[in-house]
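For reference, the structure discussed in these notes is given below.
The values are calculated or read from the model by the stated rules, or taken from the named source; none is laboratory data. Quick caveat, the model's predicted, so the values are computed rather than measured. FYI the Cβ positions are ideal-geometry reconstructions off the backbone, even for glycines, and counts take in every protein chain you see.
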Amino acid sequence: MVASRKLLLAMNRKDFLRTSVFSAFALSTFGFIVKKEENFSGDCETTNDILGPFYRDNAPVRNNLINKDMEGQEVLIKGIVYGSDCSTPLKDAKVEIWHCSNKGEYDNTSDKYQHRAQWYTDENGFYSFKTLLPGKYLNGNQFRPAHIHFRVSAKNQDELISQLYFKGDPHITSDPWAKKKSAENRILPIVLEDSMGNLVVNFNIYLS
Ligand SMILES: [Fe+2]
């Protein structure tokens, strides 16, 4: 029942978006098609991925996951959480992340909850996490690509469970989840935004 309801909702959403696309264009007085920007919504929804076996709830509320015991390459993960209209930033959305160490290990037991955190978006929908780039671990006899797990929830929105991957990772094409078409907008470049060599990944999240 739940699955069929979800399918129905998804179909309704697609119909709505199709309608929105068509209504976003109109014939000008000269017969040219012109685009009307107002009320236009694209199909922006961030896609789901597997939760995986290593999720732990009650991660510490923090957005700096780095401590002096850790080794690895620092990176800032940041973005804005938007609602289902693809344009309204959501305040107080809960963003949880977890990932493995640079040696491919999850902290599944310690009180430190290493490489795990939850944080809330500000009044502009903005979130950020300072953390270390994850390594890779084996799934059977092949490595999963480096990834960061996300779990995002906000008032009146469906919860999102997803993963972020990194552009150029050679293990993406052999990974059952990262190679899916639905993951392509979650394979993101690591960029140099500032003048000081800091690494940044921008991941805007669109809930449904
Ligand atoms: Fe994982």
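Checking each residue in the stretch 160-179 for being within 18 Å of residue 205 (Cβ to Cβ) and not polar (S, T, N, Q) picks out 160, 161, 164, 165, 166, 167, 177, 178.
For (1) aromatic (Phe, Trp, Tyr); (2) at pLDDT 95 or above; (3) away from the ligand (no atom under 16 Å from the Cβ); (4) closer than 15 Å to residue 81 by Cβ, each residue gets a yes or a no:
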| residue | (1), (2), (3), (4) |
| --- | --- |
| 150 | yes, yes, no, yes |
| 173 | no, yes, yes, no |
| 176 | no, yes, no, no |
| 184 | no, yes, yes, no |
| 187 | no, yes, no, no |
| 196 | no, yes, yes, no |
| 199 | no, yes, yes, no |
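Out of 120, 165, 55, one residue alone is of a type outside the set (D, E, K, R), farther than 20 Å from residue 188 by Cβ and within 15 Å of the ligand (Cβ to nearest atom). It is 55.
Take the conditions (1) within 16 Å of the ligand (Cβ to nearest atom); (2) farther than 27 Å from residue 145 by Cα; (3) of a type outside the set (Asp, Glu); residue 87 misses just one of them, which is (1).
Remark: pairs (first residue in the stretch 88-116, under 29 Å from residue 45 (Cβ atoms); second residue buried (at least 17 other Cβ atoms within 10 Å of the Cβ) and among the basic types (Lys, Arg); Cβ separation under 7 Å; 6+ apart in sequence or on different chains) = 96/151; 98/116. Here is the figure for the stretch 136-148: residues that are of a type in the set (D, E, K, R) and either buried (at least 21 other Cβ atoms within 10 Å of the Cβ) or more than 11 Å from the ligand (Cβ to nearest atom) (or both) total 1. Note on the stretch 138-164: residues that are in contact with a His (Cβ under 7 Å, 6 or more places away or on another chain) and touching a residue at least 60 places away in the same chain (Cβ under 8 Å) amount to 4. Out of curiosity, is residue 75 assigned by TED's automatic domain parsing to the domain that holds residue 125, away from the ligand (no atom under 16 Å from the Cβ), of a type in the set (A, V, I, L, M) and under 15 Å from residue 151 (Cα atoms)? The answer is no for residue 75.
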